[in-house]
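Student: One structure follows; several queries about it will come next.
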Amino acid sequence: MPNKTRVAYFSMEIALEPGIPTYGGGLGVLAGDTIRSGADLGVPMAAVSLLHRQGYFHQLLDAAGQQTEEPVRWAVDDFVEPLEPRAEVTIEGRTVQLRAWRYQVTGVRGAEVPVYLLDTNLPENAEPDRALTGSLYGGDARYRLSQEVVLGVGGLRMLRALGYERIHRFHLNEGHAALVALALFEEIRVRSDDGQCDPDSILEEIRDHCVFTTHTPVPAGHDIFPAELVEALLGGDRTTLLTEFGQRDTLNLTDLALRSARFVNGVA
């Protein structure tokens, strides 16, 4: 039940079952195992990811041993349940509508952890925006950052739309989910009496509620975006707000997550 849920787990990919190709490798497998362990232990938690209608990709080897890839489409309605509540985010000045599909993970003693898969493939969205929840790790930097806006900002807003108001911990599984911190900053600022809370106080409050797990020291595993792209997608106000997190010339999502979390761990 939303009002009893205390932990929200955000991950760009989650391995739920083989027929749902919303994961690419170890990051997703670990996320799925974490959620299953939470259900087994009866942890009051919910998880958020993207629907990824085209999944990751299916690998093929030809007679010469060359690898090729093709999208993996799956029968969404066979596995997950659509929900009515809507949320929205702003990307490049456009309002992008979101809906969620629910998958229930059931633990050994019957406890359930809902997984909410966000979907932008709605008729009210512009065609490019409808594709934002299409492919896992597909497209260019613009597509990738747009997906991370949907996951972090849109994910928090969707949880609120679904009635989750008492979450105490936000677990950011890899830097893809770091924009949850930006969304929390905006929430806290709006809640203040005059909208002018001290930024340092807000950051301390965010840190009290965030946990971050990083998965690799390899540079390619950390998303870094130029300031021009960040401003184009997020707008000037949010780009300025990110400077409170130390993000100036670039947006480094791993650095943002590190600055936003009181507890950080790494996967060995």
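Student: Below 8 Å between Cα atoms, with a sequence gap of 6+, how large is the relative contact order for region 182-266 in percent?
Tutor: 41
Student: Expressed as a rounded percentage, what relative contact order does the chain have, with Cα pairs under 8 Å and six or more residues apart?
Tutor: 20
Student: Give or take rounding to whole Å, what are the principal axis extents of the alpha carbon atoms in region 151-267, in descending order?
Tutor: 42, 31, 26
Student: Also, I was wondering about something else. How high is the FRET efficiency from residue 104 to residue 244, r the C-beta distance, R0 35 Å, rounded to 0.05?
Tutor: Approximately 0.40, to the nearest 0.05.
Student: What is region 101-237's relative contact order, in percent, from Cα pairs under 8 angstrom and six or more apart in sequence?
Tutor: Result for region 101-237 is 19 percent.
Student: Carbon and sulfur atoms: what percent of the 1.4 Å accessible area of region 162-201 do they account for?
Tutor: Roughly 44 percent, rounded to a whole number.
Student: Which of 88, 148, 127 moves most in a GNM of the chain, Cα contacts under 10 Å?
Tutor: 127
Student: For region 115-268, what is the accessible area per residue in Å² when the probe is 1.4 Å?
Tutor: Using a 1.4 Å probe on heavy atoms only, each residue of region 115-268 averages 43 Å².
Student: Once you list every other residue whose beta carbon is under 13 Å from the beta carbon of residue 125, what net charge do they have if Lys and Arg are +1 and Asp and Glu are -1?
Tutor: My count for the surroundings of residue 125 gives -2.
Student: Could you report region 9-50's accessible area per residue, 1.4 Å probe, as an integer in Å²?
Tutor: With the other protein chains kept in place, region 9-50 gives 30 Å² per residue.
Student: Compute a Gaussian network model of the chain, connecting alpha carbons closer than 10 Å, and tell me which residue from 235, 65, 42 fluctuates the most.
Tutor: The residue with the greatest mean-square fluctuation here is 65.
Student: Another question about this same structure. Taking all protein chains as present, what is the carbon and sulfur share of the accessible area of region 210-268, in % to the nearest whole number, probe 1.4 Å?
Tutor: Ligands and nucleic acids excluded, carbon and sulfur reach 56 percent.
Student: Per the Kirkwood formula on distinct C-alpha pairs, the Rh of the chain is how many angstrom?
Tutor: The answer is 18.8 Å.
The values are calculated or read from the model by the stated rules, or taken from the named source; none is laboratory data. It should be emphasised that the depicted structure is a prediction, and the values quoted were computed from it without experimental measurement. Note: ideal-geometry Cβ built from the backbone for every residue, glycine included; neighbour counts use all protein chains shown. Protein only, heavy atoms only, side chains kept; ligands, DNA and RNA dropped before computing areas. Shrake-Rupley method; radii C 1.70, N 1.55, O 1.52, S 1.80 Å.
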